[in-house]
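What follows is a set of notes on a single structure, which appears directly below.
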Amino acid sequence: MADWHSPQGPFDIPDVPNYVPRRLKPWLFIFFVIIIQFSGGVYLAAATDMVGSTAMMQEDILMAGYASLIGMSINFAVMFRFKFRFSNRTQLLAAGTVLIAANLICAHTESPAVLAVTCLVAGWFRMQATLACNSTIQLWLTPIRDMSVFFCYVYLLVDSAIQLCGIATVYTAFNVEWEYMQWIMCGLLALMMLMVIIFVKPVRGPMFIPLLGIDWIGAILWAGFMMTFTFVCVYGNFYDWWEATEIRQATVLGCLCLAVNLWRATFLHHPYIPFRAMKNHNVIRATIIYMVFFTIMATEHVFEHSYAANILGFDETNLIDLNWYVFVGILAGCGFTYATFALRKWRYKTMTAIAFTLAAVYLAYFYFMIDYGVEKELLFVPLFVRGAASVIISIVYLTSIVQSGLPFQVYPQALTINGFTGAVMGATFGPAIIGEFLRHTMAKNAALLGAPLTDFNTETAYMPLGELYGMVQQQALVVSMKEIYGWLLIVAIISLVIIALSYGPIRPDAIFPKWRTIRKVLRSLAIG
């Protein structure tokens with residue numbers, strides 16, 4: 001890729017001085033973006049340790065982690081405006097400063113609200129810095145701006161960083177303290193900022209685009225809607241859903257934010273997310289696919305940790321080692337998608353069918369395999385196919401947004417919808433449904449399994465009550481998990497049949513416009 005020659009000459013990055021070898025310049029920005037992706041403020045893999053040493057609950061840590069994803073999603077709508085307003089050097093230094101501050105705050109605060117707001121802001125700057133790096137090397141990755149190729153790189157980087165960051169966090173917490181992960185990332189971010197100061201010049205684009213016409217009120221309202229939606233999904237089970245005042249208040253506030261945003265979109269010239277983006281066929285289709293796919297895969301968040309920890313007896317290090325299996329699946333999924341979807345232009349329908357087939361394999365494997373004595377190595381297949389399936393569906397439908405026919409003025413807003421439905425709703429809505437399903441199924445199965453144990457003629461009649469209750473709950477958990485895996489497998493098979501019977505001749509043809517075209521479009525938005 002580094003040897004590609006355009007009509008203007010070989011690929012080069014003017015932001016980096018010429019004393020840095022040309023072949024190394026793109027790798028410098030890849031190094032930057034890896035550090036940025038590892039810097040989340042709060043690290044969900046250390047949630048257990050954080051709960052043990054602070055006054056916060058598991059739900060508080062999860063809420064902060066999802067707030068970071070919301071910050072990233074909200075940034076999509078304005079990320080190109082900031083890219084053409086500030087140089088890469090300024091964006092990276094600002095993001096590094098904010099992320100260092102976020103890591104320090106997250107390491108010391110015991111307030112769930114402060115933690116969530118800090119991660120929301122950190123996510124915004126994290127996304128902006130990621131765009132600054134990836135857009136700089138886009139032509140190095142795909143000279144013709146084929147976004148199906150570019151998104152394979154993006155998800156390889158982002159999803160791999162999630163798994164590797166979790167592994168690094170757990171081993172750091174195991175060997176020292178969980179706060180050391182924040183300190184390590186502060187050091188790496190400081191190193192990145194030093195390298196930016198030395199190796200990246202303050203080169204501004206050929207056209208100055210002011211930050212005018214941005215609907216900041218709409219951004220705050222959309223962030224409020226996303227935060228309240230996530231709050232309901234994360235805390236719903238804890239508060240017993242709408243029986244609690246907190247959930248009712250969050251629901252009313254979220255509906256109010258959504259209603260005001262939709263009302264403002266009817267008369268604003270440039271709303272933060274216009275109706276044109278919401279009503280686009282590809283955006284709606286991607287949302288539906290995400291909702292179905294990530295709901296049937298929600299057992300990842302609800303079952304896997306409980307099964308491995310409570311049934312198989314894995315400790316934290318053995319649990320996090322399972323991330324390696326998912327990591328290998330991500331590598332294979334990105335490689336497969338690159339070879340078939342990006343290069344050979346396989347149809348969207350074909351790639352969707354493959355992803356749902358892998359999802360069915362994942363569910364079927366657990367349905368037939370789940371037991372009390374499964375070896376860790378036997379979990380490789382389901383976790384491998386889960387990693388591959390998730391990355392395939394994400395690449396394919398993010399590419400479809402580029403190919404949706406939306407003008408570039410609306411395209412970033414469609415990415416905000418895609419980011420929220422794919423990343424945030426995919427990680428919260430499905431687990432909330434499956435978690436509630438599990439609670440009711442466990443109550444039913446515990447009653448059925450516990451009924452024979454009340455017979456005083458059985459061997460369990462003289463067992464201690466606590467031991468008897470624990471045995472019933474463990475058996476009920478395994479039976480309930482198998483039952484839910486079976487129902488989700490049926491849903492996956494039905495979805496696969498619907499996909500097979502549908503007509504889908506469209507192949508990927510997602511070509512990103514030239515940067516000078518984007519600058520002209522954004523300039524017209526700022527003037528208008």
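All of Met79, Met63 fail the test of being part of a helix (DSSP H, G or I) and more than 17 Å from the chain's Cα centre (by Cα), apart from Met79. Against the test of being in contact with a Lys or Arg (Cβ under 7 Å, 6 or more places away or on another chain) and at pLDDT 85 or above, the options Tyr367, Tyr397 yield a single qualifying residue, Tyr367.
Filter region 335-376 down to the residues that are aromatic (Phe, Trp, Tyr) and outside any helix (DSSP H, G or I), then identify the one that is nearest to Gly387 (Cα to Cα). Across region 335-376, the extreme among qualifying residues is Trp346. Does region 82-105 include one or more residues that are among the basic types (Lys, Arg), at pLDDT 90 or above and in contact with a Leu (Cβ under 7 Å, 6 or more places away or on another chain)? Scanning region 82-105 turns up no residue that is among the basic types (Lys, Arg), at pLDDT 90 or above and in contact with a Leu (Cβ under 7 Å, 6 or more places away or on another chain). Only residues that are surrounded by fewer than 21 Cβ atoms within 10 Å (Cβ to Cβ) and touching a residue at least 40 places away in the same chain (Cβ under 8 Å) were counted in region 242-264, giving 1.
Helices (runs of 4 or more DSSP H) fully within region 210-320 that include at least 3 residues being under 22 Å from Leu120 (Cα atoms): 216-239, 245-265.
The values are calculated or read from the model by the stated rules, or taken from the named source; none is laboratory data. No experiment lies behind these values; they were computed from the predicted model shown. Reconstructed Cβ throughout: ideal geometry from the backbone, glycine too, with neighbour counts over all protein chains shown.
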